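Colleague: Have a look at the structure that comes next, please.
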Amino acid sequence: YLKISKLALAFAIIRSKPPGKSSKEYTEYLAKTVSEQDSGWKWKVEVLEAEVLRLRQELLLNRICPRFCLENRKQDTSAETRLGCESINPTSYSSQLEDSGCDVSNNSAFDSLGLASDCHQSEHDVNTSKHWFERAPPLNLCHTSKEQSLTAPMQFLRHLLEIRKLSEGGILQADFSELENDSFTICNSVSRLLDGLTVFYNSPKFPAPSFLTEAVCVLINLITDTKLSNHVLKKCFKKMEEFKKNLIQIILRNRSVNRFQALHSISETLGLLGRNNILRNSLISLLLPEVRQFAEQLLQAHQVQSAYDVTQYENIFPLCMILEQLLQNETQESNISSSDYEGEEKIKFLKNLDQIILHLSDEFPLFSLYLWRVNVLLNSGQMQ
(Lines give C-alpha, C1' and ligand atoms only; values in the text may rest on other atoms or scores of the structure.)
Protein backbone atom coordinates (compact mmCIF):
# COMPACT_ATOMS: atom_id res chain seq x y z
CA TYR A 1 0.00 0.00 0.00
CA LEU A 2 2.85 2.39 0.83
CA LYS A 3 4.59 1.73 -2.49
CA ILE A 4 1.34 2.28 -4.39
CA SER A 5 0.74 5.54 -2.48
CA LYS A 6 4.24 6.79 -3.30
CA LEU A 7 3.80 5.89 -6.96
CA ALA A 8 0.43 7.65 -7.09
CA LEU A 9 1.91 10.75 -5.49
CA ALA A 10 4.77 10.76 -8.02
CA PHE A 11 2.31 10.55 -10.95
CA ALA A 12 0.18 13.34 -9.43
CA ILE A 13 3.21 15.61 -9.12
CA ILE A 14 4.35 14.89 -12.66
CA ARG A 15 0.91 15.52 -14.14
CA SER A 16 0.24 18.70 -12.14
CA LYS A 17 3.64 20.34 -12.52
CA PRO A 18 3.47 23.76 -14.21
CA PRO A 19 5.15 24.24 -17.59
CA GLY A 20 8.77 25.30 -17.47
CA LYS A 21 9.49 23.40 -14.26
CA SER A 22 11.05 19.99 -13.95
CA SER A 23 9.52 17.32 -11.73
CA LYS A 24 12.42 17.68 -9.29
CA GLU A 25 12.03 21.46 -9.02
CA TYR A 26 8.27 21.15 -8.53
CA THR A 27 8.76 18.45 -5.88
CA GLU A 28 11.22 20.65 -3.99
CA TYR A 29 8.77 23.55 -4.20
CA LEU A 30 5.94 21.43 -2.77
CA ALA A 31 8.21 20.11 -0.01
CA LYS A 32 9.20 23.66 0.95
CA THR A 33 5.55 24.75 1.02
CA VAL A 34 4.57 21.86 3.27
CA SER A 35 7.57 22.53 5.51
CA GLU A 36 6.54 26.18 5.94
CA GLN A 37 3.04 25.06 6.85
CA ASP A 38 4.51 22.68 9.44
CA SER A 39 6.56 25.53 10.89
CA GLY A 40 3.42 27.60 11.22
CA TRP A 41 1.66 24.79 13.05
CA LYS A 42 4.67 24.29 15.32
CA TRP A 43 4.61 27.97 16.23
CA LYS A 44 0.88 27.77 17.00
CA VAL A 45 1.46 24.70 19.14
CA GLU A 46 4.23 26.50 21.07
CA VAL A 47 1.94 29.48 21.68
CA LEU A 48 -0.86 27.20 22.90
CA GLU A 49 1.55 25.28 25.14
CA ALA A 50 2.77 28.55 26.65
CA GLU A 51 -0.83 29.59 27.27
CA VAL A 52 -1.64 26.24 28.90
CA LEU A 53 1.42 26.58 31.14
CA ARG A 54 0.42 30.14 32.05
CA LEU A 55 -3.04 28.96 33.10
CA ARG A 56 -1.61 26.06 35.09
CA GLN A 57 0.78 28.43 36.85
CA GLU A 58 -2.02 30.80 37.77
CA LEU A 59 -4.11 27.87 39.01
CA LEU A 60 -1.21 26.55 41.11
CA LEU A 61 -0.55 29.98 42.63
CA ASN A 62 -4.26 30.31 43.37
CA ARG A 63 -4.27 26.96 45.16
CA ILE A 64 -1.19 27.85 47.18
CA CYS A 65 -2.43 31.31 48.14
CA PRO A 66 -5.81 32.56 46.76
CA ARG A 67 -5.36 35.98 48.38
CA PHE A 68 -2.11 36.62 46.53
CA CYS A 69 -3.70 35.99 43.14
CA LEU A 70 -6.71 38.13 44.04
CA GLU A 71 -4.48 41.05 44.96
CA ASN A 72 -2.25 40.39 41.97
CA ARG A 73 -5.05 41.10 39.50
CA LYS A 74 -5.47 44.62 40.89
CA GLN A 75 -1.92 45.73 40.29
CA ASP A 76 -0.38 48.22 37.89
CA THR A 77 1.11 46.26 34.96
CA SER A 78 3.97 48.74 34.62
CA ALA A 79 5.42 47.90 38.05
CA GLU A 80 8.23 45.38 38.36
CA THR A 81 9.15 43.20 41.29
CA ARG A 82 12.84 42.53 41.92
CA LEU A 83 12.66 39.79 44.52
CA GLY A 84 16.08 38.65 45.62
CA CYS A 85 17.80 41.17 43.35
CA GLU A 86 16.65 44.54 44.65
CA SER A 87 20.14 45.43 45.81
CA ILE A 88 21.68 44.76 42.38
CA ASN A 89 22.50 47.83 40.37
CA PRO A 90 22.22 46.84 36.66
CA THR A 91 24.29 49.85 35.61
CA SER A 92 27.25 48.96 37.79
CA TYR A 93 26.88 45.32 36.87
CA SER A 94 27.03 46.15 33.19
CA SER A 95 29.99 48.47 33.63
CA GLN A 96 31.90 45.67 35.33
CA LEU A 97 31.23 43.40 32.38
CA GLU A 98 32.72 45.99 30.04
CA ASP A 99 36.11 45.28 31.62
CA SER A 100 38.44 42.87 29.84
CA GLY A 101 37.65 40.19 32.45
CA CYS A 102 41.23 38.99 32.65
CA ASP A 103 41.53 39.16 36.45
CA VAL A 104 41.66 35.56 37.68
CA SER A 105 42.93 36.12 41.21
CA ASN A 106 41.38 33.97 43.92
CA ASN A 107 39.89 36.92 45.75
CA SER A 108 37.73 37.84 42.79
CA ALA A 109 37.08 34.40 41.41
CA PHE A 110 33.47 34.30 42.54
CA ASP A 111 32.64 37.91 43.20
CA SER A 112 34.16 40.03 40.45
CA LEU A 113 30.74 40.49 38.87
CA GLY A 114 29.13 41.40 42.17
CA LEU A 115 26.47 38.73 41.71
CA ALA A 116 27.32 36.52 44.65
CA SER A 117 27.40 39.29 47.22
CA ASP A 118 24.28 40.93 45.78
CA CYS A 119 22.23 37.74 45.85
CA HIS A 120 23.52 36.93 49.32
CA GLN A 121 22.79 40.41 50.60
CA SER A 122 19.34 40.38 49.06
CA GLU A 123 18.38 37.38 51.14
CA HIS A 124 18.55 39.68 54.18
CA ASP A 125 17.31 42.89 52.56
CA VAL A 126 14.07 41.58 51.02
CA ASN A 127 11.17 43.62 52.35
CA THR A 128 8.40 41.19 53.27
CA SER A 129 5.63 43.75 53.36
CA LYS A 130 2.33 44.45 51.68
CA HIS A 131 4.20 46.79 49.34
CA TRP A 132 5.14 43.67 47.35
CA PHE A 133 1.46 43.12 46.59
CA GLU A 134 1.29 46.60 45.10
CA ARG A 135 4.30 45.98 42.86
CA ALA A 136 3.77 42.39 41.75
CA PRO A 137 3.09 42.25 37.98
CA PRO A 138 0.39 39.98 36.55
CA LEU A 139 1.51 36.81 34.86
CA ASN A 140 2.11 37.16 31.15
CA LEU A 141 3.90 34.11 29.81
CA CYS A 142 2.91 33.91 26.14
CA HIS A 143 5.99 35.46 24.50
CA THR A 144 8.04 34.80 21.37
CA SER A 145 11.46 36.43 21.80
CA LYS A 146 14.33 34.71 23.58
CA GLU A 147 14.45 37.43 26.21
CA GLN A 148 10.75 37.11 26.97
CA SER A 149 10.90 33.31 26.96
CA LEU A 150 13.42 33.59 29.80
CA THR A 151 11.36 36.23 31.60
CA ALA A 152 8.19 34.12 31.51
CA PRO A 153 9.22 31.21 33.79
CA MET A 154 11.26 33.60 35.94
CA GLN A 155 8.10 35.59 36.66
CA PHE A 156 6.19 32.55 37.94
CA LEU A 157 9.07 31.34 40.11
CA ARG A 158 9.51 34.85 41.46
CA HIS A 159 5.86 34.86 42.51
CA LEU A 160 6.46 31.62 44.40
CA LEU A 161 9.34 33.23 46.26
CA GLU A 162 7.24 36.29 47.02
CA ILE A 163 4.48 34.15 48.52
CA ARG A 164 7.10 32.24 50.48
CA LYS A 165 8.58 35.41 51.99
CA LEU A 166 5.21 36.96 52.72
CA SER A 167 3.92 33.80 54.38
CA GLU A 168 7.10 33.62 56.44
CA GLY A 169 6.46 37.18 57.62
CA GLY A 170 2.91 36.32 58.64
CA ILE A 171 1.30 38.52 55.98
CA LEU A 172 -0.11 35.58 54.00
CA GLN A 173 -1.38 32.09 54.66
CA ALA A 174 0.06 29.71 52.05
CA ASP A 175 -0.13 25.96 51.50
CA PHE A 176 3.02 24.80 49.66
CA SER A 177 1.95 21.16 49.86
CA GLU A 178 0.08 21.92 46.62
CA LEU A 179 3.45 21.73 44.84
CA GLU A 180 3.39 17.97 45.43
CA ASN A 181 0.12 17.69 43.49
CA ASP A 182 1.31 19.52 40.38
CA SER A 183 4.83 18.39 39.50
CA PHE A 184 4.38 19.25 35.80
CA THR A 185 4.02 22.99 36.34
CA ILE A 186 7.02 23.45 38.60
CA CYS A 187 9.19 21.12 36.47
CA ASN A 188 8.25 22.84 33.23
CA SER A 189 8.86 26.30 34.66
CA VAL A 190 12.27 25.44 36.07
CA SER A 191 13.18 23.60 32.87
CA ARG A 192 12.34 26.59 30.71
CA LEU A 193 14.32 28.91 32.96
CA LEU A 194 17.39 26.65 32.76
CA ASP A 195 17.06 26.32 28.98
CA GLY A 196 16.81 30.09 28.65
CA LEU A 197 19.93 30.62 30.76
CA THR A 198 21.80 28.03 28.68
CA VAL A 199 20.89 29.85 25.47
CA PHE A 200 22.21 33.16 26.82
CA TYR A 201 25.41 31.63 28.17
CA ASN A 202 26.03 30.01 24.78
CA SER A 203 25.72 33.39 23.05
CA PRO A 204 26.45 36.00 25.73
CA LYS A 205 25.78 39.68 25.20
CA PHE A 206 27.82 42.46 26.77
CA PRO A 207 26.86 44.30 28.77
CA ALA A 208 24.65 41.54 30.17
CA PRO A 209 20.93 42.39 30.29
CA SER A 210 19.59 43.07 33.78
CA PHE A 211 16.92 40.38 33.50
CA LEU A 212 19.66 37.77 33.09
CA THR A 213 21.05 38.79 36.47
CA GLU A 214 17.55 38.58 37.95
CA ALA A 215 17.00 35.14 36.44
CA VAL A 216 20.17 33.81 38.07
CA CYS A 217 19.15 35.31 41.41
CA VAL A 218 15.68 33.79 41.19
CA LEU A 219 17.21 30.39 40.44
CA ILE A 220 19.69 30.64 43.31
CA ASN A 221 17.06 31.84 45.79
CA LEU A 222 14.75 29.05 44.66
CA ILE A 223 17.22 26.24 45.35
CA THR A 224 18.49 27.76 48.59
CA ASP A 225 15.04 28.39 50.07
CA THR A 226 14.41 25.88 52.84
CA LYS A 227 10.79 25.17 51.88
CA LEU A 228 10.94 25.37 48.10
CA SER A 229 14.30 23.75 47.36
CA ASN A 230 13.14 20.24 48.32
CA HIS A 231 10.20 20.46 45.93
CA VAL A 232 12.35 21.81 43.12
CA LEU A 233 15.31 19.45 43.48
CA LYS A 234 13.13 16.40 43.92
CA LYS A 235 11.29 17.08 40.67
CA CYS A 236 14.01 18.80 38.62
CA PHE A 237 17.28 17.21 39.72
CA LYS A 238 17.99 15.64 36.31
CA LYS A 239 17.38 18.95 34.58
CA MET A 240 19.70 20.69 37.04
CA GLU A 241 22.37 18.08 36.28
CA GLU A 242 21.96 18.67 32.56
CA PHE A 243 22.22 22.43 33.11
CA LYS A 244 25.47 22.10 35.06
CA LYS A 245 26.93 19.78 32.42
CA ASN A 246 26.04 22.30 29.71
CA LEU A 247 27.72 25.15 31.58
CA ILE A 248 30.88 23.11 32.10
CA GLN A 249 31.04 22.28 28.40
CA ILE A 250 30.45 25.91 27.45
CA ILE A 251 33.48 26.85 29.55
CA LEU A 252 35.66 24.14 28.01
CA ARG A 253 34.65 24.76 24.39
CA ASN A 254 34.58 28.56 24.33
CA ARG A 255 37.17 29.83 21.85
CA SER A 256 36.24 33.48 21.41
CA VAL A 257 39.05 35.98 21.73
CA ASN A 258 37.66 37.95 24.69
CA ARG A 259 35.89 35.04 26.35
CA PHE A 260 37.00 35.62 29.93
CA GLN A 261 33.97 37.76 30.79
CA ALA A 262 31.57 35.01 29.76
CA LEU A 263 33.61 32.28 31.46
CA HIS A 264 33.72 34.30 34.66
CA SER A 265 29.96 34.81 34.61
CA ILE A 266 29.32 31.08 34.12
CA SER A 267 31.80 30.25 36.87
CA GLU A 268 29.91 32.63 39.14
CA THR A 269 26.64 30.81 38.45
CA LEU A 270 28.18 27.37 39.05
CA GLY A 271 29.70 28.60 42.30
CA LEU A 272 26.33 29.90 43.47
CA LEU A 273 24.64 26.61 42.59
CA GLY A 274 27.22 24.93 44.80
CA ARG A 275 25.70 26.59 47.86
CA ASN A 276 23.18 23.77 47.91
CA ASN A 277 24.71 20.64 49.46
CA ILE A 278 23.08 18.22 47.01
CA LEU A 279 24.03 20.26 43.95
CA ARG A 280 27.51 20.88 45.35
CA ASN A 281 28.28 17.17 45.68
CA SER A 282 27.02 16.38 42.19
CA LEU A 283 28.89 19.38 40.75
CA ILE A 284 32.14 18.19 42.32
CA SER A 285 31.49 14.76 40.78
CA LEU A 286 31.18 16.43 37.37
CA LEU A 287 34.29 18.59 37.75
CA LEU A 288 36.71 15.93 39.04
CA PRO A 289 36.78 13.80 35.84
CA GLU A 290 37.04 16.88 33.60
CA VAL A 291 40.09 18.24 35.42
CA ARG A 292 41.67 14.78 35.67
CA GLN A 293 41.15 14.05 31.98
CA PHE A 294 42.77 17.32 30.96
CA ALA A 295 45.71 16.68 33.31
CA GLU A 296 46.29 13.30 31.66
CA GLN A 297 46.09 14.81 28.17
CA LEU A 298 48.50 17.56 29.13
CA LEU A 299 50.93 15.05 30.63
CA GLN A 300 50.81 12.91 27.50
CA ALA A 301 51.48 15.92 25.26
CA HIS A 302 54.33 17.01 27.52
CA GLN A 303 55.97 13.58 27.52
CA VAL A 304 56.03 13.26 23.73
CA GLN A 305 56.83 16.96 23.28
CA SER A 306 53.74 17.55 21.14
CA ALA A 307 51.61 20.68 20.92
CA TYR A 308 48.74 21.10 23.34
CA ASP A 309 45.55 23.14 23.11
CA VAL A 310 46.41 26.51 24.65
CA THR A 311 42.78 27.68 24.63
CA GLN A 312 41.61 24.63 26.50
CA TYR A 313 44.49 25.09 28.93
CA GLU A 314 43.25 28.62 29.68
CA ASN A 315 39.65 27.41 29.95
CA ILE A 316 40.47 24.72 32.50
CA PHE A 317 41.37 27.29 35.17
CA PRO A 318 37.80 28.45 35.85
CA LEU A 319 36.87 24.81 36.50
CA CYS A 320 39.86 24.42 38.82
CA MET A 321 38.84 27.52 40.76
CA ILE A 322 35.24 26.33 41.06
CA LEU A 323 36.37 22.88 42.21
CA GLU A 324 38.71 24.31 44.84
CA GLN A 325 36.04 26.69 46.13
CA LEU A 326 33.44 23.91 46.39
CA LEU A 327 35.85 21.63 48.25
CA GLN A 328 36.76 24.45 50.63
CA ASN A 329 33.08 25.06 51.31
CA GLU A 330 32.64 21.37 51.97
CA THR A 331 35.44 21.28 54.51
CA GLN A 332 33.98 24.28 56.31
CA GLU A 333 30.64 22.53 56.88
CA SER A 334 30.19 21.60 60.52
CA ASN A 335 28.15 18.46 59.86
CA ILE A 336 29.76 16.79 56.87
CA SER A 337 28.00 13.70 55.58
CA SER A 338 29.18 11.09 53.14
CA SER A 339 29.56 12.81 49.78
CA ASP A 340 28.62 11.40 46.40
CA TYR A 341 32.06 12.14 44.96
CA GLU A 342 33.97 10.23 47.66
CA GLY A 343 33.68 6.99 45.76
CA GLU A 344 34.88 6.04 42.31
CA GLU A 345 35.38 9.61 41.03
CA LYS A 346 37.58 10.56 43.96
CA ILE A 347 39.68 7.38 43.61
CA LYS A 348 40.17 7.98 39.88
CA PHE A 349 41.15 11.59 40.42
CA LEU A 350 43.73 10.83 43.12
CA LYS A 351 45.29 7.84 41.34
CA ASN A 352 48.95 8.67 40.58
CA LEU A 353 48.12 12.36 40.94
CA ASP A 354 51.40 13.07 42.74
CA GLN A 355 53.35 11.76 39.77
CA ILE A 356 51.33 13.89 37.35
CA ILE A 357 51.96 16.99 39.45
CA LEU A 358 55.67 16.18 39.62
CA HIS A 359 56.02 15.84 35.84
CA LEU A 360 53.99 18.98 35.05
CA SER A 361 55.30 21.27 37.77
CA ASP A 362 58.24 22.70 35.80
CA GLU A 363 56.41 23.40 32.56
CA PHE A 364 52.94 24.18 33.98
CA PRO A 365 53.46 25.48 37.53
CA LEU A 366 50.10 27.23 37.94
CA PHE A 367 48.03 24.24 36.82
CA SER A 368 50.18 21.95 38.96
CA LEU A 369 49.55 24.21 41.94
CA TYR A 370 45.80 23.90 41.46
CA LEU A 371 46.08 20.12 41.19
CA TRP A 372 48.09 20.04 44.39
CA ARG A 373 45.60 22.21 46.28
CA VAL A 374 42.67 20.06 45.16
CA ASN A 375 44.68 16.98 46.11
CA VAL A 376 45.23 18.37 49.62
CA LEU A 377 41.55 19.20 50.06
CA LEU A 378 40.43 15.73 48.95
CA ASN A 379 42.96 14.02 51.21
CA SER A 380 42.36 16.20 54.27
CA GLY A 381 40.99 14.52 57.35
CA GLN A 382 37.82 16.56 57.19
CA MET A 383 36.94 15.14 53.78
CA GLN A 384 37.28 11.49 54.77
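The values are calculated or read from the model by the stated rules, or taken from the named source; none is laboratory data. Every value quoted in this text rests on a predicted model; they were computed, and no experiment measured them. Here the Cβ is made from the backbone with ideal geometry for all residues, glycine too, and neighbour counts use every protein chain on show. Surface accessibility is based on the protein's heavy atoms, side chains included, excluding ligands, DNA and RNA. Shrake-Rupley method; radii C 1.70, N 1.55, O 1.52, S 1.80 Å.
Colleague: How big is the dipole moment of region 235-308 about its Cα centre under a simple scheme where the beta carbon of each Lys and Arg is +1, that of each Asp and Glu is -1, and everything else is neutral? Debye, nearest 20, please.
Modeller: Working: 11 positive and 5 negative charges, 61 e Å.
Roughly 300 debye for region 235-308.
Colleague: Further question on the same structure: Determine the share of region 213-270's accessible area contributed by carbon and sulfur atoms, expressed in whole percent, with a 1.4 angstrom probe. Each step should come with its number before you reach the end.
Modeller: Numbers: 1110 of 2100 Å².
That share works out to 53 percent.
Colleague: Go ahead and run the numbers for FRET between Ser361 and Gln293, Cβ-Cβ distance against an R0 of 25 Å, rounding to 0.05. Write out the running numbers ahead of the final one.
Modeller: Values: r = 19 Å, r/R0 = 0.76.
According to the calculation, E is roughly 0.85.
Colleague: Here is a follow-up. Pairs of alpha-carbon atoms within less than 8 angstrom and 6+ residues apart define the contacts here; what relative contact order does region 285-383 have, in percent? List each step's numbers first, then the result.
Modeller: On the way: 58 pairs, mean separation 38.8, N = 99.
About 39 percent, as a whole number.
Colleague: Give me the dipole magnitude in Debye, nearest 20, for region 145-275 about the Cα centre, with unit charges on the beta carbon: positive for Lys and Arg, negative for Asp and Glu.
Modeller: Numbers: 17 positive and 13 negative charges, 131 e Å.
Around 620 debye, computed over region 145-275.
Colleague: Highest mean first, what order results for 278-289, 241-252, 365-376 on Cβ atoms within 10 Å?
Modeller: Numbers: 278-289: 20.7, 241-252: 18.2, 365-376: 16.2.
Descending packing order for the listed peptides: 278-289, 241-252, 365-376.
Colleague: What are the equivalent ellipsoid semi-axes of region 210-252, built from the alpha-carbon gyration tensor (square roots of five times its eigenvalues), in whole angstrom, biggest first? Intermediate results must be reported in sequence, preceding the final value.
Modeller: Details: eigenvalues 78, 51, 8 Å².
With the √(5λ) rule applied to region 210-252, the semi-axes are 20, 16, 6 Å.
Colleague: Can you tell me the order of 165-174, 198-207 when each peptide is scored by its average per-residue count of other Cβ atoms within 10 angstrom, highest first? Walk me through the numbers before you get to the answer.
Modeller: Working: 165-174: 17.2, 198-207: 14.5.
Peptide ranking by packing, descending: 165-174, 198-207.
Colleague: Using a basic spin-label model with each label point 7 Å from the Cα along Cα→Cβ, how many nm lie between Asp38 and Tyr313?
Modeller: With each label point 7 Å from Cα toward Cβ, the separation is 4.7 nm.
Colleague: Let me ask another. With a Förster radius of 45 Å, plug the Cβ-Cβ distance of Asn230 and Val199 into 1/(1 + (r/R0)^6) and report the FRET value to the nearest 0.05.
Modeller: Working: r = 28 Å, r/R0 = 0.61.
The computed FRET efficiency comes out at 0.95.
Colleague: While we're on this one: In region 285-383, if the dipole is taken from +1 on Lys/Arg beta carbons and -1 on Asp/Glu beta carbons about the Cα centre, which of Thr331, Phe367, Ser380 is farthest to the positive end?
Modeller: Of Thr331, Phe367, Ser380, it is Ser380.
Colleague: Now, a different point. For the pairs Lys6/Lys239; Lys44/Lys235; Lys32/Lys205, note any where the Cα-Cα span goes beyond 31 Å.
Modeller: Numbers: Lys6/Lys239 42 Å; Lys44/Lys235 28 Å; Lys32/Lys205 33 Å.
Checking Cα-Cα distances, Lys6/Lys239; Lys32/Lys205 exceed 31 Å.
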